[in-house]
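Trainee: Got a structure for you, written out below as structure tokens; questions coming shortly.
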Amino acid sequence: MTSPVYVLVSIDTEEDNWRPARQGITVENIRELPRLSRFLEQLGVRPTYFVTYQVARQRWAATLLADLASGEAEIGAHLHPWNTPPLTEAFEARNTMTMRLSPELQASKIASLTDTLTEHVGIRPESFRTGRWGFGPETAAALIACGYRADSSVTPFKSWRLYDDGPTFVGAPLHAFRIDGRGDARVPVPDGPLAEVPVSWAHNRTVRPLWNRLFALLNGPLAVRFRIPIIASRLHLMREIALAPELFSLSDMLTLSRHLVEGGLRHLHLFWHSPTMQPGLTPFTKTSADVERLYGTIEAYLDKLTSFATPMFVTVGTGARALSGLEVGDGAGRGV
């Protein structure tokens, strides 16, 4: 008998420019979303599209997204701080991490993104993900003040400190939890108003306290300095895996999913980027054949998942309500 598990699929719906940019921005990859939407619909998936300011400000793209949201999809917000107004900060690597900006600037950018989505797409988003995973307590506080009910910026077991001074999520729960924007974003607050629905990011061992503690030690600052995680991965002792078909194989994703389900996790969260659906925009799909392989990997994963789990497809907003007990409003991107 298979275990019932909520399955979330989210797509960072963003500009064509893979590297942070303020000039020369295009969003042609959005034209690939109708095909992706039909594909996911045939598989029974209810996707969440986390949409950036640069996409939402283009009327034709916003109209396309509004059409997708009229079905089973949810429209969430995706903050690229480097090209979301107000652009008062220096354009430099560290400032691409939202949590490194002042609390006031974080709040202003989130408000700008939210207002643009509301005006152009016709939906006020209630779910959020920040670019480059640059999430911190001030980000959570700004989201709460802006009326958001769910976030999905946490990558359990993963540190981004070596990536332009990003956050560390080593020690964060794998399950959904609540936060209040007043402390460490990895620490649950039982009555916190914001639901955190992490992506599925862990390791290739069973999800047990001993393995989890060992992986955390292997990814601590001193171990990273001496490249211990790289050595452990190359020796196949312990390595990270995420439900990210751009980065990991079908076999790896099924291994992680089986461990998570057997460990009692109630959700699996698959994620990727919209530019990957158009060849030549990201490192993951350089050719049309690469795009077709990605489609094939996603379909095969969802098919083989049924051998050990009974998937219940939900959007991030619906998942937040079901997994954390928070009441997410009926207007959460029309996906609840």
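Trainee: Please pick out the residue among ALA195, ALA150, ALA111 that is hydrophobic (A, V, I, L, M, F, W, C) and more than 22 Å from PRO47 (Cα to Cα). Let's see the steps before the verdict.
Mentor: Values: ALA195 fails: more than 22 Å from PRO47 (Cα to Cα); ALA150 fails: more than 22 Å from PRO47 (Cα to Cα).
Testing whether each residue is hydrophobic (A, V, I, L, M, F, W, C) and more than 22 Å from PRO47 (Cα to Cα) leaves just ALA111.
Trainee: Got at least one residue in region 242-254 being in contact (Cβ under 8 Å) with a residue 60 or more places away in the chain, in a helix (DSSP H, G or I) and over 17 Å from THR155 (Cα atoms)? Explain how you work it out, then say what you get.
Mentor: The initial filter retains those residues of region 242-254 that are in contact (Cβ under 8 Å) with a residue 60 or more places away in the chain, namely 242.
Still in the running and in a helix (DSSP H, G or I): none.
Checked against the condition, which is being in contact (Cβ under 8 Å) with a residue 60 or more places away in the chain, in a helix (DSSP H, G or I) and over 17 Å from THR155 (Cα atoms), region 242-254 yields no hits at all.
Trainee: So, GLU32, is that one assigned to a loop (DSSP other than H, G, I, E, B) and closer than 30 Å to LEU254 by Cβ or not?
Mentor: On the way: assigned to a loop (DSSP other than H, G, I, E, B): no; closer than 30 Å to LEU254 by Cβ: yes.
The answer is no for GLU32.
Trainee: Listed residues THR315, THR282; which is closer than 19 Å to GLY76 by Cβ, modelled with pLDDT of 95 or more and touching a Pro at 6+ places or on another chain (Cβ under 9 Å)?
Mentor: Values: THR282 fails: closer than 19 Å to GLY76 by Cβ.
Being closer than 19 Å to GLY76 by Cβ, modelled with pLDDT of 95 or more and touching a Pro at 6+ places or on another chain (Cβ under 9 Å) holds for just one of THR315, THR282, which is THR315.
Trainee: Residue under question is GLY296, and the condition is that it be surrounded by 17 or more Cβ atoms within 10 Å (Cβ to Cβ), in the same structural domain as SER152 (by TED's automatic domain parsing), at pLDDT 95 or above and out of contact with any Ser or Thr (no Cβ under 8 Å at 6 or more places or on another chain); does it hold?
Mentor: Working: surrounded by 17 or more Cβ atoms within 10 Å (Cβ to Cβ): no; in the same structural domain as SER152 (by TED's automatic domain parsing): yes; at pLDDT 95 or above: yes; out of contact with any Ser or Thr (no Cβ under 8 Å at 6 or more places or on another chain): yes.
Spelling it out, it is not the case that GLY296 is surrounded by 17 or more Cβ atoms within 10 Å (Cβ to Cβ), in the same structural domain as SER152 (by TED's automatic domain parsing), at pLDDT 95 or above and out of contact with any Ser or Thr (no Cβ under 8 Å at 6 or more places or on another chain).
Trainee: Only one residue in THR13, THR2 is of a type in the set (Ser, Thr, Tyr) and modelled with pLDDT under 95. Which one? Walk me through how you get there before you give the answer.
Mentor: Details: THR13 fails: modelled with pLDDT under 95.
Exactly one residue qualifies, and that residue is THR2.
Trainee: Considering region 63-115 alone, what residues qualify as being surrounded by fewer than 14 Cβ atoms within 10 Å (Cβ to Cβ), modelled with pLDDT of 95 or more, of a type in the set (Ser, Thr, Tyr) and not in a helix (DSSP H, G or I)?
Mentor: THR88, SER102
One line per residue, one yes/no per condition, for (1) more than 18 Å from the chain's Cα centre (by Cα); (2) in the same structural domain as MET97 (by TED's automatic domain parsing); (3) at pLDDT below 95:
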| residue | (1), (2), (3) |
| --- | --- |
| GLY131 | no, yes, no |
| THR139 | no, yes, no |
| TYR148 | no, yes, no |
| PHE157 | no, yes, yes |
| LEU162 | yes, yes, yes |
| PRO173 | no, yes, yes |
| PRO190 | yes, yes, yes |
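Trainee: So is PHE313 surrounded by 19 or more Cβ atoms within 10 Å (Cβ to Cβ), outside any helix (DSSP H, G or I) and in contact (Cβ under 8 Å) with a residue 60 or more places away in the chain or not?
Mentor: Details: surrounded by 19 or more Cβ atoms within 10 Å (Cβ to Cβ): no; outside any helix (DSSP H, G or I): yes; in contact (Cβ under 8 Å) with a residue 60 or more places away in the chain: yes.
Answer is no for this residue.
Trainee: Using the structure shown, decide if ASP12 is within 22 Å of GLN278 (Cβ to Cβ), outside any loop (DSSP other than H, G, I, E, B), charged (D, E, K, R) and touching a residue at least 12 places away in the same chain (Cβ under 8 Å). Quick ask: steps written out before the conclusion?
Mentor: Numbers: within 22 Å of GLN278 (Cβ to Cβ): yes; outside any loop (DSSP other than H, G, I, E, B): yes; charged (D, E, K, R): yes; touching a residue at least 12 places away in the same chain (Cβ under 8 Å): yes.
Here the answer is yes, as ASP12 does meet what is asked.
Trainee: For region 151-180, give me each residue that is closer than 20 Å to ALA244 by Cβ and assigned to a strand (DSSP E or B). Even if it seems obvious, please write down each step before you answer.
Mentor: Taking region 151-180 as the starting set, the residues that turn out to be closer than 20 Å to ALA244 by Cβ are 151-164, 166-170, 172-176.
ASP151, SER159, THR168, listed by residue number.
Trainee: Shifting gears a bit: Which of the residues belonging to region 162-206 are at positive phi and crowded, with 20+ Cβ neighbours inside 10 Å?
Mentor: If we filter region 162-206 for residues that are at positive phi, which is where we start, we get 164-165, 171, 181.
The answer is GLY181, and nothing else.
Trainee: How many residues, within region 31-50, are buried (at least 23 other Cβ atoms within 10 Å of the Cβ) and touching a Leu at 6+ places or on another chain (Cβ under 6 Å)?
Mentor: Residues flagged as buried (at least 23 other Cβ atoms within 10 Å of the Cβ) and touching a Leu at 6+ places or on another chain (Cβ under 6 Å) within region 31-50 amount to 1.
The values are calculated or read from the model by the stated rules, or taken from the named source; none is laboratory data. This one's a predicted model, so the numbers in the text were calculated from it and none came from an experiment. Every residue, glycine as well, gets a Cβ built from its backbone with ideal geometry; the counts of neighbours run over all protein chains shown.
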